[in-house]
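Worksheet: one structure, shown below.
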Amino acid sequence: MFRRMIHKRIQAWQMAQMEIYCREVENMYRQMRAWRHDYKNHLQVMKAHLDLGEYDELSDYISTLNEELFRIDTVIKTGNVMLDAILNCKISLARSRQIAVNVKVILPPTRSVSDYDLCVALGNLLDNGIEGCETVSGGKRFLNVYIGVLKNQLYLSVTNSHGGPVRKEGGRYRSTKSPGRGLGIYSIDSIAAKYRGRVNRQHDEAVFATEVLLPL
């Protein structure tokens, strides 16, 4: 009875998270469409600065455009539309919060895990990594993501800086969020269990690492 209740809560959490991810992705693509729509206007402004010899103003304007484009540009292309959307959205979010991001993805052509479960697991991993980075003050914030194949298993690795407390009970990591929140860890674990995979988490005073292995 209790296990079924927890399972339903996790499923509801996963559905809610996917809705959030979809809204985030929709917003990112809306920004990209808006930027492209305004492309001609940007060119006219730059030409006006150039014609008037306002080179400092032109340089500032180009720098602003470059930052905006860098923030919303699609940087990861795996061939999987859903995965690309989640990755690019979270990378954009991390960079907007002054987090250095390093990503490498080598997605196998076939895998047992569904796109839905893969995106939920990865979205939660990235959310947790970004939140961990935000606890760092006065130090470097970084988020390293690797997706590939290891020993005939789909391998997801997220390593991030952190500076906050880490809660661990009975050898298992627990969320430090308030009760009723922080189901991300359980969601990741439930997806790994669903595919008979495993999750490995490690940390020290400055780095938190999570590995998820799912049989292909």
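The values are calculated or read from the model by the stated rules, or taken from the named source; none is laboratory data. None of the values given here were measured: they were computed from a predicted structure. In this analysis, Cβ positions are derived from the backbone assuming ideal geometry, glycine residues included, and neighbour counts consider all displayed protein chains.
Some observations on this one:
- Lone qualifier among L143, L93 - being in contact with a Leu (Cβ under 8 Å, 6 or more places away or on another chain) and surrounded by 13 or more Cβ atoms within 10 Å (Cβ to Cβ): L143
- Failed item, numbered, when L126 is tested on (1) part of a loop (DSSP other than H, G, I, E, B); (2) within 14 Å of the chain's Cα centre (by Cα): (1)
- Between M46, M82, the distinction of being over 15 Å from the mean Cα position of the chain (by Cα) and at pLDDT below 85 belongs to M46 only.
- Scanning the stretch 84-115 for residues that are within 19 Å of N152 (Cβ to Cβ), in contact with a strand residue (DSSP E or B) (Cβ under 7 Å, 6 or more places away or on another chain) and β-branched (V, I, T) yields a count of 3.
- Total residues in the stretch 115-134, condition under 16 Å from E205 (Cα atoms) and of a type in the set (A, V, I, L, M, F, W, C): 1
- Filtered residues of the stretch 168-188 (kept if modelled with pLDDT under 90 and buried (at least 16 other Cβ atoms within 10 Å of the Cβ)): Y173, G182, L183, G184, I185, Y186, S187
- The residues on offer are G132, G163, G138, and the sole one that is assigned to a loop (DSSP other than H, G, I, E, B) and either within 14 Å of the chain's Cα centre (by Cα) or farther than 18 Å from S96 by Cα (or both) is G163.
- If you go through the stretch 84-98 and keep only what is hydrophobic (A, V, I, L, M, F, W, C) and without any contact (Cβ under 8 Å) to a residue 60 or more places away in the chain, you end up with L87, I91, A94.
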